[in-house]
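The values are calculated or read from the model by the stated rules, or taken from the named source; none is laboratory data. Note that this is a predicted model, so its numbers are computed, not measured. Here Cβ is always computed from backbone atoms with ideal geometry, including for glycine, and neighbour counts include all displayed protein chains. When the accessible area is computed, the model is the full protein with side chains, heavy atoms only, and any ligands, DNA or RNA have been set aside. Shrake-Rupley method; radii C 1.70, N 1.55, O 1.52, S 1.80 Å.
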Amino acid sequence: MSSFNPSLLNDFARSYGFHFDICDPRTLVRDVLLDMELGLKGKQSPLPMIPSYLSPVSQVPLGKTVLALDAGGTNFRAARVHFKEAGKPEAEGTRKAPMPGTRGHVSAEEFFDQIADLAEPLIKESNEEIGGIGFCFSYPMEMQQDGDGKAMSFSKEVEAQEVIGKQVGKGLREALERRGVKVPQKIALLNDTVATLLSGLGQIPADAGRNRGADKYGVVGGPMVGFILGTGFNTAYPDNDIPKIGFHSDTAPQIVVCETGTYTPRYLGVLDREFDATTKCPGAYTLEKAAAGAYLGPLTFHIAKQAIADNVLQFKRSAEFVSWPALETRILNEFMHTPLAMEGPIGELFGKDELDAIRSLAYLTSIVTRRGAVFSAAVVAAAVERMDKGHDPFAPVRIAVEGTTYMIYKGMREALESYLNIMLNLDKPRSYIIAPVEQASLFGAAVAALSE
């Protein structure tokens, strides 16, 4: 007789408040829209709605060559980017080096000099004039109205304390000028979410590639959303009105970074709160902890341990599993792609007579994944709905996505896109395209160099 009991597992998930079917999609979207509005007005909100002071280009100019820089993680990348036919970006002379400050402490001058080491030859060796510099700086920064950004902090891997409080674009300009390099007039700073949005302008055709000729919608593309679902979580979109900075433009909207990873959705349960209390930053990045790659493994592990304690999940080596110090999302994902193969650190815990226990663990994991997909779809749908006003309903909103959780985490992409379709078409038809983008930080930085 089978011990795999989906009804029992569903009841367990509902009793602890983490089942996806207790989430009302429309309510989630309305909640996010309300908090977006409050954040744009500068009122108290879980969504800070940070202005980028960048406007997306309506169409990427062809034939332009710019310098794109990408600072994030352990590596720093630089390349000349040329926009060819149909606005497709092409990287030339790509160079890579360790991120300044990852191999020991550097002063502010050393930090910018190391960046200039990569940028200088790319500018000097170009056969065409460099039309601008786009700099994707994936660390906290305070954006400036002139397009520069002031560094606010670094992760523990980067030791460059003297850079904090300094304008990154200005520091790079000064480092290049010390070398006698002719620096383009524009240096545009942006974060990775804005870069994802901008990269979509050059990579996602308005008709999803079905028609390579004239735009069948009769418009130059359509509005664009940037969405990151990887280790972290965030969204960005262009808005015509940002009251807290006195911004309004009917023709040149400004990109807003929502910081949706910080959002707290209403449908969280007791196990979510318990797990949150075990993290390094309790009470912060609540939505990220329910949907992003940094947390899906640890959250599911916390839930699975409760299921074992409640005898909902039973197998001979469960005590060994519970004693693990942690469960990485990567390990859980490997298990979920082929659970019945009984391979890897998780699969090897089960005996050949315990296939039902494996099914139970996989089933619980799928519930957590689908709940994360519901939350993710809600913030994307809210950004699309926020842009409804003034847009042609048959000009597709293009949603550019970057991140390994979206791309490879078992079940996430399919569930997210399914919920998104439901949410966006509940009250009226909406035309949209969602697609992943390649080298988002580098290509998005290049587009930023051409933005108004």
Residues located in segment 48-64, provided they are touching a residue at least 60 places away in the same chain (Cβ under 8 Å), within 30 Å of Pro121 (Cα to Cα) and open to solvent by 30 Å² or more (accessible area, probe 1.4 Å): Tyr53, Pro56, Gln59, Pro61, Lys64
Leading residue by the ranking (nearest to the chain's Cα centre (by Cα)) among those in segment 431-450 that are small (Gly, Ala, Ser) and more than 20 Å from Leu69 (Cα to Cα): Ala435
Residue within segment 435-446 that is of a type in the set (A, V, I, L, M, F, W, C), over 30 Å from Asp146 (Cβ atoms) and either touching a Ser or Thr at 6+ places or on another chain (Cβ under 6 Å) or not in a loop (DSSP other than H, G, I, E, B) (or both) present: yes
Enumerated strands (runs of 3 or more DSSP E) restricted to segment 224-320, each holding at least 3 residues that are closer than 18 Å to Met143 by Cβ and in contact with a helix residue (DSSP H, G or I) (Cβ under 6 Å, 6 or more places away or on another chain): 233-239
Condition met for Leu67 (among the aliphatic types (A, V, I, L, M), open to solvent by 50 Å² or more (accessible area, probe 1.4 Å), modelled with pLDDT of 95 or more and over 19 Å from the mean Cα position of the chain (by Cα)): no
Set Ala383, Ala395, Ala362, Ala326: member being part of a loop (DSSP other than H, G, I, E, B) and open to solvent by less than 30 Å² (accessible area, probe 1.4 Å): Ala395
Odd one out for Ile367, checked against (1) at pLDDT 95 or above; (2) closer than 23 Å to Leu38 by Cβ: (2)
Top-ranked residue in segment 194-225 [being among the small types (Gly, Ala, Ser) and surrounded by 14 or more Cβ atoms within 10 Å (Cβ to Cβ); ranked as modelled with the lowest pLDDT]: Gly221
Residue in segment 404-427 that is in contact with a Phe, Trp or Tyr (Cβ under 8 Å, 6 or more places away or on another chain), farther than 21 Å from Gly372 by Cβ and surrounded by fewer than 21 Cβ atoms within 10 Å (Cβ to Cβ) present: no
Within segment 105-167, strands (runs of 3 or more DSSP E) holding 2 or more residues that are open to solvent by less than 10 Å² (accessible area, probe 1.4 Å), hydroxyl-bearing (Ser, Thr, Tyr) and farther than 20 Å from Ser199 by Cα: none
Residue match in segment 333-341 (condition: outside any helix (DSSP H, G or I), on the phi < 0 side of the Ramachandran plot and of a type in the set (A, V, I, L, M)): no
Complete set of residues in segment 1-47 that are open to solvent by less than 10 Å² (accessible area, probe 1.4 Å), more than 25 Å from Val256 (Cβ to Cβ) and part of a loop (DSSP other than H, G, I, E, B): Phe18, His19
Matching option when the condition is under 31 Å from the mean Cα position of the chain (by Cα) and open to solvent by less than 70 Å² (accessible area, probe 1.4 Å), among Ala304, Ala357, Ala341: Ala304
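Residues checked against (1) in contact with a Phe, Trp or Tyr (Cβ under 7 Å, 6 or more places away or on another chain); (2) modelled with pLDDT under 90; (3) hydrophobic (A, V, I, L, M, F, W, C); (4) under 21 Å from Ser52 (Cα atoms):
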site: Gly169; (1), (2), (3), (4): yes, no, no, yes
site: Leu172; (1), (2), (3), (4): yes, no, yes, yes
site: Arg179; (1), (2), (3), (4): no, no, no, no
site: Asp192; (1), (2), (3), (4): no, no, no, yes
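Residue-wise test of (1) more than 13 Å from Phe111 (Cβ to Cβ); (2) over 21 Å from the mean Cα position of the chain (by Cα); (3) not small (Gly, Ala, Ser).
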site	(1), (2), (3)
Cys136	yes, no, yes
Pro140	yes, no, yes
Ala151	no, no, no
Ala160	no, yes, no
Val168	no, yes, yes
Gly171	no, yes, no
Leu176	yes, yes, yes
Val183	yes, yes, yes
